[in-house]
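Worksheet: the structure to be examined is printed underneath.
The values are calculated or read from the model by the stated rules, or taken from the named source; none is laboratory data. These figures come from a predicted structure and were not determined experimentally. Here the Cβ positions follow ideal geometry from the backbone for every residue, glycine too, while neighbour counts run over all protein chains shown. The area values use the complete protein model at the heavy-atom level, side chains included, leaving out ligands, DNA and RNA. Shrake-Rupley method; radii C 1.70, N 1.55, O 1.52, S 1.80 Å.
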Amino acid sequence: MAKDELAKDFKYIGTRPNRPDGYDKVTGRAKYGADVAAVGMLHGAVLRSPYAHARITSINFEKASKLDGVKAIITRDDFPVGIDGDTLNLLENTIAGEFAYYDGHAIAAVAATTVHIAKEAINEIEVEYEVLPHVIDVDEAIKPDAPVIKNNARDFSVPEGSSPNVASYIEFGTGDIDGGFDKADLVKSGRFKTEAAHQGYIEPHACMAQLDHDGQGEMWVCTQGHWYIRQMCASVLGLEASKLCVTPSEIGGGFGGKTTIFIEPLALALSKKSGGRPVKIVMSRAEVLRATGPTASASMDVKIGITKDGYLTSGSVEFRMQGGAFGGSPVSEALQCAFAPYNMPAAHHIGYDILANRPRAAAYRAPGSPMAAFAVESLIDEICTDLNLDPIDVRLKNAVKEGDKSSYGPKFKKIGLIETLEAAKDHPNYSISLGDNQGRGVAAGYWMNHGGETSVSVSLAEDGSVNVTVGTPDIGGSRASIALMTAETYGIPYDSVRVNIAETGALGFNEPTHGSRATLASGKAVYEAANQTISEMCQRVARKWQIDPDAVFWENGYAKPAGANAGDFSPISIKQIASEMDQTGGPIAGHHEASIRGVGHSFGVHIADVEVDPETGRITVLRYLVAQDAGRAIHPSYVEGQFQGGAVQGIGWALNEEYVYGADGCLQNAAFLDYRVPVASDLPNIDTIIVEVPNPDHPFGVRGVGETGIAPPLPALANAVNAAVGARLRSLPMSPGKVLKTIKTGEDGC
Amino acid sequence: MTKIHVKTNINGDKVEFLTDPRETLLDCLRNHIGLTGSKEGCGTGDCGACSCIFDGNLVSSCLVLGVEAEGKSIETIEGMAGEKELHPLQKKFIEMAALQCGFCTPGILIAAKALLDRNNDPTESEVRYWLAGNLCRCTGYDKIIKAVMETAKDIRETA
């Protein structure tokens, strides 16, 4: 679509109607993962390793199996052998084989007639462990003499002589790095560390599964992507994918953490072993924190060169990230995001993916980007302070724009970083005067966004209303945005569209609601599918008028003759076309399948004001601004919601949240009381600016908006704290004790 | 374990159920009575997703035993809307997009109603501290706080 068409005014897009699932969600009617039951249903419970690293020498469940009401007990012996590659990692993480690799690693599971009996049975299973040395911290794990988590874990990329816990190595760059540093007036470097955080969705993982011995089964599950669940369950259980029907429940948050399997294969295996009875498993909060997929922890070195008037000359990063005992930290994404907002004449990136005795990292909102932003954007702030330069001006001088080649390769099409920086600079928050112990911090953030495999269908109901069927679960209002785009495409009222989220048998493969893709990808596909049906309606009307189909066009819900030459016909409404469908060729439906590309890169700029209590080290966020390019805000309220929610998750990561391990390698804070996510009284309002620089590759200009907002808070708050009290923290979270220590000693926490 | 017979009142209806004495009120609401609108986010009283009104007091129903419901009066999210229309808070939450995933929403609505029933002119700080026991991970609370403040204003204006 040509760019000038993107500038047009819309009738529905950009409005703020009530979401279609609003009633269900304010009345308690909406059905989430744990909200269903079935006749004959059993309850599952999981036995988990109490050790960070151990060899499992024996499992004896004789006593447990004799308890009244116990119907099935499974261990790794109930899963197929001969699996390798990443499927083996998935299976190993689902249920331990010879080794338990982290505190909370699943060892066995029970299905029983009640939850109480299942839990009692878990306690009766006797496991003998040979406890092995463990390693938790990423800098410890990369040492050559660190406890070895797995033999032969490294892939081809790992240099000789590296620690055995290095799973993979990545290196890329562009330009003359040393020459760039030589040209700089100031070269600055620093080490930064971030601790693992959890997505912290309020709904624990839950599923109800049924599997027969003939390999046919079904599952109800809270997930961001039910085709992923189907694919992964089928691969670790050796099932044929099409025989497993997976229906997504409403989902109580995911943020990337519900894009993979944990309990789901266990429920299926328990069902099969209990003769095909449905089995429901609901995780406790402690299980969620110990045994799902928090993000990686990171240790990062950054070096940046700059001229005295604020032009970047060269930059290098070395990121070391652990993503648990199976590899898979987002170090590659972190490297891609590190310098992406800037035109860097020379940039060099090195990354290590490192094993540690922790749960396997899953995605968490812009995976890798928050850590990278913390390191790079903090150092840029230090440079701005040293050179007495305005932090927004420096970013404006170096900001990438249309046609620039990014630091990691791809060339940018139309992007909105400059517009976003300017909008932030013009906002009143940037000029409000501050008092004692108060400071202001600025940071930018980037996420590349994702399109991915997408399959949708639309169908015309007999009264001219429209059903849209998509495969991307609605986590934050995507039904509303998809309905708006559908209404816009047809020119029919928003209320005449109903958006359904279908089970796996109803559509082709869909990637999850991840990568900021639901509104972008399902929206683009729905636009194509709707236009198929519009074309079909125009053809039917052309037949009725006995004119050429090209002489009929569609406008505002009507088929119309295209000008005087086409003939003098009264427009025919979608309602009338629908009412005559059976006479004109049968049902009218369209579908579209594609690997969606042209996602439109996303940039954001945050401004944080804080006050630091110099006596206690407590940080109070006084005001907070998010400016971000949305491309086009389909439903602005839910775009703002993404900005605000992302920012607050970043604020939590910066100030409170961390995985705390004891000397025994066990998680010490597996409860919301101790793993403290931000609460309402911690926060001010989160101000937002929606910048709209339309994505030229999307019919409505959409860019994904979900993820970028979590990255800038980490550095923006650290920069604000430094501005407030002259304490530079290079380690997260900035808990009061750490802040106080930095104020008193100048140590940065690394 | 032998089950105990409990007679109680939920959302104005007389209800009887049998409960294992280890079960929480939340377990009973969800598993014995079929009221799954109250959610379990933590089971330890930290998240507020199971908030209910128990004899006029706001409680985390995961911290109340089912047997304690004997002779009491309980209000849950399923009883919040009137017969003809939603409660003003429910309406405002939809209008102002004060929910994303919606999982914390029942508990937050119950808690917010408990506040406005006591005080229909709260300051923003009072709303933020009253709701500090209700975790929301999606919204950053901004739109929730604004929706509660707007509802309070509407209630005052129509009073």
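Enumerate by residue number the GluC sites (Glu not before Pro) in region A:605-679 meeting two conditions: DSSP loop (anything except H, G, I, E, B), and at most 10 other Cβ atoms within 10 Å of the site's Cβ.
Qualifying residues, ordered by number: A:E615.
To the nearest hundred square angstrom, how large is the accessible surface buried between B and A, total for both chains, probe 1.4 angstrom?
Working: alone 8560 and 27960 Å², together 32530 Å².
Chain pair B/A: roughly 4000 Å² of buried accessible area.
Where the accessible area of chain A is counted over protein heavy atoms with a 1.4 Å probe, how much of it, in %, is carbon and sulfur?
Values: 12270 of 26040 Å².
Using a 1.4 Å probe with all protein chains present, chain A comes out at 47 percent carbon and sulfur.
Hey, can you grab everything whose amide H is under 5 Å from the amide H of A:S49? Only 5+ residues off in sequence or another chain; H modelled, so Pro and N-termini drop out.
A:G104, A:H105, A:A106, A:I107
For region B:4-79, with all protein chains present and a 1.4 Å probe, just round the carbon and sulfur fraction of the accessible area to a whole percent.
Percent of accessible area from carbon and sulfur atoms in region B:4-79: 46.
Send over the per residue convex hull volume for chain A, Cα only, as a whole number of Å³.
Spread over its residues, the Cα hull of chain A gives 171 Å³ apiece.
Leaving ligands, DNA and RNA out of it, report the carbon-plus-sulfur percent of the accessible area of region B:88-158 at a 1.4 Å probe.
49
Roughly how many Å² is the accessible area per residue of chain A, as a whole number, for a 1.4 Å probe?
35
Exceeding 26 Å between C-alpha atoms, which entries from my cross-link table qualify? They are A:K308/A:K425; A:K66/A:K280; A:K66/B:K7; A:K425/B:K143. All intermediate terms of the calculation are to be shown ahead of the outcome.
Values: A:K308/A:K425 21 Å; A:K66/A:K280 21 Å; A:K66/B:K7 35 Å; A:K425/B:K143 24 Å.
Check vs 26 Å cut-off fails for A:K66/B:K7.
Is it possible to state the helix-based mean residue ellipticity at 222 nm for chain A, with each DSSP H run of 4+ residues giving -39500 (n - 2.57), the sum divided by total residues, to the nearest 500 deg cm²/dmol? What is it?
Theoretical 222 nm ellipticity from helices: -8000 deg cm²/dmol.
Treating region B:88-158 as a set of equal point scatterers at the Cα positions, no solvent, please give the Debye-formula log₁₀ I(q)/I(0) at q = 0.19, 0.20 Å⁻¹.
For region B:88-158 at q = 0.19, 0.20 Å⁻¹, log10 I(q)/I(0) is -0.65, -0.72.
Do any residues of region B:102-132 lose at least 30 Å² of accessible area when the full set of protein chains is present rather than just their chain alone, and if so which, with a 1.4 Å probe?
Listed in order, they are B:F103, B:R128, B:Y129, B:A132.
Taking a temperature of 10 °C and a viscosity of 1.306 mPa s, what whole-number D in µm²/s does Stokes-Einstein yield for region A:1-154 with Rh from Kirkwood over alpha carbon pairs?
80
What order, most packed first, do the peptides A:107-113, A:669-675, B:12-18 have when packing is the mean number of other Cβ atoms within 10 Å of each residue?
My ranking of the peptides, most packed first, is A:107-113, A:669-675, B:12-18.
Please calculate how many Å² of accessible area region B:88-158 carries per residue, with a 1.4 Å probe and no DNA, RNA or ligand atoms counted.
Spelled out: the 1.4 Å probe surface of region B:88-158, per residue, equals 33 Å².
Which of the three applies to region A:265-326, rounded, prolate or oblate, going by the alpha-carbon gyration tensor with a ≥ b ≥ c and a/c under 1.5 meaning rounded? Walk me through the intermediate numbers first.
Working: a/c = 4.89, a/b = 4.46, b/c = 1.10.
Prolate, because a/c is 1.5 or more and a/b exceeds b/c.
Share of antiparallel DSSP beta bridges in chain A, in percent to the nearest 5? Could you put the intermediate results ahead of the total?
Working: 94 of 122 bridges.
For chain A, the DSSP antiparallel bridge percentage is about 75.
Of the trypsin sites (Lys or Arg not before Pro) in region A:591-623, which ones lie in a loop per DSSP and count no more than 12 other C-beta atoms within 10 Å? Present the calculation step by step, with values, prior to reporting the outcome.
Values: sites: A:R597, A:R618, A:R623; in loops: A:R597, A:R618.
Qualifying residues, ordered by number: A:R597.
Above 25 Å lies some portion of the pair distances; for chain B, what is it as a whole percent of all C-alpha pairs?
So the portion of pairs separated by more than 25 Å is 29 percent.
Once the whole set of protein chains is in place, how much accessible area is left on A:K401, using a 1.4 Å probe, in Å² to the nearest 10?
Roughly 100 Å² of A:K401 is accessible to a 1.4 Å probe.
Before rounding to the nearest 500, sum -39500 (n - 2.57) across all DSSP H runs of length at least 4 in chain B and divide by the residue total; then give [θ] at 222 nm in deg cm²/dmol. Could the numbers behind the result be given before it?
Values: 4 runs with 46 residues, N = 159.
Rounded to the nearest 500, it is -9000 deg cm²/dmol.
Averaged over every viewing direction, what's the projected area of the C-alpha convex hull for region A:151-275? Give it in nm², one decimal, please. Don't jump to the answer; show the numbers that get you there.
On the way: hull surface 53.0 nm².
Average of the hull's projected areas for region A:151-275 equals 13.2 nm².
For region A:572-638, what ratio Rg/Rh do Cα atoms give with a Kirkwood hydrodynamic radius?
The Rg/Rh ratio comes out at 1.40.
Do me a favour and compute the ellipsoid semi-axes for region A:370-484 from its Cα gyration tensor, root of five times each eigenvalue, largest one first, whole Å.
41, 20, 14
Hand me the GluC sites (Glu not before Pro) from region A:159-229 located in a DSSP loop with no more than 16 other Cβ atoms within 10 Å, in residue order please.
Within region A:159-229, the qualifying GluC sites (Glu not before Pro) (loop, at most 16 other Cβ atoms within 10 Å) are A:E160.
Name the residues of region A:23-53 whose accessible area, probed at 1.4 Å, falls by at least 30 Å² once all protein chains are in place instead of their chain on its own?
A:Y23, A:K25, A:V26, A:T27, A:G28, A:Y32, A:D35
Mind checking the per residue accessible area of region B:4-79 for me, 1.4 Å probe, whole number of Å²? Spell out each step's value before the answer.
Details: 3040 Å² over 76 residues.
Per residue, region B:4-79 has an accessible area of 40 Å².
Please sort through the DSSP H helices of chain A and keep those with an alpha-carbon extent of at least 20 Å along the long axis and a Kyte-Doolittle average not below -0.5.
A:369-387, A:636-655
Distance cut-off 23 Å, Cα to Cα: go down the list A:K63/A:K150; A:K11/A:K575; B:K113/B:K146 and report the pairs above it. Each step should come with its number before you reach the end.
Working: A:K63/A:K150 33 Å; A:K11/A:K575 19 Å; B:K113/B:K146 14 Å.
Checking Cα-Cα distances, A:K63/A:K150 exceed 23 Å.
Roughly how tilted is helix B:142-158, in degrees to the nearest 10 and between 0 and 90, from the longest Cα axis of chain B?
For helix B:142-158, the angle is close to 80 degrees.
Would you mind listing how long region B:4-79 runs along its three principal axes, going by Cα atoms, in whole Å with the largest first?
28, 24, 20
Which aspartates and glutamates, if any, have their Cα less than 18 Å from the Cα of A:K413, not counting same-chain residues under 8 positions apart?
A:D4, A:E5, A:E402, A:D404, A:D629, A:E692, A:D697
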